[in-house]
Structure formats: structure tokens, C-alpha cells
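Have a look at the structure below, then the notes.
A short reminder: the numbers here are calculations on the coordinates, not readings from a lab. These figures come from a predicted structure and were not determined experimentally. Note that we place each Cβ from the backbone using ideal geometry, even for glycine, and neighbour counts take in every protein chain shown.
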């Protein structure tokens with residue numbers, strides 16, 4: 001486990017991100033604070049549209065079009081990412097932080113061999129390396145992700161989806177960054193290949209010691225991989241908990257509880273799945289108070305008017321009035 005007295009690899013301080021639309025400003029990420037340390041895998045989970053990918057792009061300083069950082073700080077290895085100029089940011093990426101994007105296996109250039117695409121990273125960021133050194137490093141990376149180096153001469157279309165995915169991961173860790181962000185890296189892969197990719201990620205992380213932010217909408221996938229899980233709803237973190245505590249015997253945010261109840265117990269005699277009623281809110285027209293209150297079976301009057309503040313509950317950070325004695329007492333009265 002990481003020593004929490006050390007410098008975080010990633011520190012988010014009240015990060016907010018917005019998009020301009022014809023209907024107004026969409027606050028896709030709102031006041032998110034989170035720390036990730038070396039040797040740590042943190043999962044970020046939530047429904048589609050909850051702000052997960054927007055947050056990952058914000059961390060990489062890759063916000064495009066009308067998206068902007070509205071407030072807060074994003075600090076990687078002590079460096080404020082948004083204080084870097086374009087030239088320094090280009091160096092900082094891949095060296096200190098890298099990202100495996102959604103549909104990563106389609107991110108490879110179809111007209112370049114695998115070796116050429118790996119070599120591009122070293123030519124750009126390690127200009128003093130010789131051709132032989134680059135080739136040797138490419139061979140090492142292929143072996144690291146359990147792919148025969150003979151495939152360095154292959155084109156992406158000649159490889160399976162799982163192999164392409166592992167090559168993208170190899171490229172992401174090629175310069176041994178401190179932080180690797182993985183945004184839905186196993187999407188479109190079958191469950192057997194997903195399992196092999198997850199095992200490989202854990203193995204690589206143990207070997208290299210980098211920090212991982214693993215983003216997914218698949219609760220069971222994240223719970224299997226991560227040590228700590230952050231649950232996102234309508235742009236906010238509603239709970240941060242240890243993965244081992246993700247069970248219904250523990251007290252959780254009602255949204256987390258709903259996600260847990262939506263996972264079938266494969267060993268149970270009868271499979272029972274409880275979906276979360278309703279739909280995620282319109283980010284331009286959010287409910288007052290807690291954004292989850294229209295879908296929450298525990299909602300009190302205070303939930304409809306007062307935004308819940310994050311508090312510690314048995315080592316879990318939960319933003320919910322249900323666990324605040326002041327609000328519960330008022331509701332009972």
C-alpha cells in the first residue's frame with residue numbers, strides 16, 4: 001500500500017469543467033477532489049454522461065472545443081498541469097502522465113507497423129536514442145504485454161482486438177510515466193479478453209509502480225481491479241471507498257447501493273436484479289439540493305434543497321444527508 005504521507009501522483013482540488021451549449025453552460029464536472037498515490041489503482045465509475053471522460057480529458061489538459069476548466073487545480077507529481085505552456089505540456093505528457101483512450105484498439109494508425117508507432121514516441125520524447133535502442137525497447141515492451149516481438153512488423157488490422165489493446169497500453173507506459181489514465185480500455189472486448197487485459201494491467205502496475213486511474217461504467221470490472229473506487233453522479237463524486245468495502249453489508253451512498261443491487265449474484269439460486277429508477281439528470285437543469293434526490297428512495301426534504309457535504313463514514317467519504325445526524329433528526333421530527 002502507498003504511504004499517504006508521500007506526494008500524491010495526482011491531486012484534484014475542487015475541479016469543475018463546463019461546456020458551452022446553445023442552452024447554456026453544461027457543468028459536466030463539479031467540485032471534484034481526489035488524490036491518487038504511487039502503486040495505487042483507483043477506479044472511477046458512474047453512468048454514461050456522469051462526467052468521467054470529461055474529467056480524464058481535463059487531467060490530461062486535452063479539453064477541446066467549448067470545454068474549459070471552470071475552477072480548481074489539477075496537479076500531477078507536484079506540477080499544476082494548467083500552468084504549463086504548450087511546449088512544456090507536450091513534454092510532460094507521456095513522460096509524467098499518459099492515457100489509454102476509449103476505443104483504444106482503434107487508435108492505432110492503420111498504415112504504420114506496430115514498431116513504427118512505438119518508435120514515434122521515442123523519437124519525439126527521447127531524440128538521443130539510436131535506432132537499435134528504440135528497436136530493443138520496442139521488443140521489451142512487446143514482451144512486457146505478452147505479445148511475440150515478431151508482431152512489431154505487423155499492421156494493426158493483422159492483429160486481434162485484444163492484441164491491439166495491449167499494444168496501446170504498451171505505448172502508454174513506454175516512457176514509464178507516473179500516472180496512467182485508462183478510459184474504458186476494455187470496451188468492445190469479450191469477457192475472456194477483458195479478464196486477460198485486466199490481469200496484464202495489474203501485473204504491469206506491480207512491476208512498474210505507476211498510479212492508475214481506471215475509468216469504467218462496469219461496477220464489477222472496477223471492483224475487481226482497483227483498490228479504491230470513486231463513484232461519480234451528475235459530475236460530482238458522491239462516494240470514495242475501498243473496493244473491498246463494496247458490498248451491501250456496508251453503509252453506502254444510495255447511488256452506490258443502487259449500483260450494487262443492479263449486479264446479479266451469479267452464485268445465487270435465483271438471479272435478482274434491481275435497477276435504479278429514473279434517468280440521470282439534465283446537467284443544465286440539475287435538481288436543487290442533492291442531484292440524486294429524484295431517484296433516491298431515502299430522499300428527505302433536506303435532500304431537495306440543501307447540497308450534501310462530503311463526510312467520513314467508517315473510512316469512506318460519502319456526500320449524503322442520510323448519514324448526517326442533523327438532517328436525519330430533522331427529517332424524523
Legend entry - Principal-axis tilt of helix 114-125 within the chain, Cα atoms, nearest 10 degrees: 80
Legend entry - Exposure proxy ranking, count of Cβ atoms within 10 Å, fewest first, for 182, 60: 60, 182
Inset, instruction - Take each of the peptides 239-248, 224-233, average the number of other beta-carbon atoms within 10 Å over its residues, and list them starting from the highest. - result: 224-233, 239-248
Inset, instruction - Tell me which label goes with the value of log10 I(q)/I(0) by the Debye sum over Cα atoms at q = 0.11, 0.16 Å⁻¹ computed from the coordinates here: [x] -0.67, -1.62; [y] -0.78, -1.22; [z] -0.76, -1.44. - result: [z]
Inset, instruction - Determine the distance separating the Cα centre of segment 6-31 from the Cα centre of segment 115-177; give it in Å without decimals. - result: 33
Legend entry - Rounded to 10°, Cα long-axis angle of helix 161-172 versus longest principal axis of the chain: 90
Inset, instruction - Rounded to whole Å and ordered largest first, report the semi-axes of the equivalent ellipsoid of segment 52-174 derived from its Cα gyration tensor (root of 5λ). - result: 29, 18, 12
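Quote the relative contact order of the chain in percent (integer), defining contacts as alpha-carbon pairs under 8 Å separated by 6+ residues.
On the way: 598 pairs, mean separation 65.9, N = 333.
Rounded, it is 20 percent for the chain.
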Legend entry - Packing-based ranking, highest mean first, of 32-42, 294-304 given that Cβ atoms within 10 Å are counted: 32-42, 294-304
Legend entry - Degrees, to the nearest 10: 131-144 long Cα axis against longest axis of the chain: 40
Legend entry - Sorted by Cβ density within 10 Å, fewest first, the residues 312, 199: 312, 199
Inset, instruction - Take every DSSP beta bridge whose two residues both sit in the chain, then give the antiparallel share in percent to the nearest 5. - result: 60
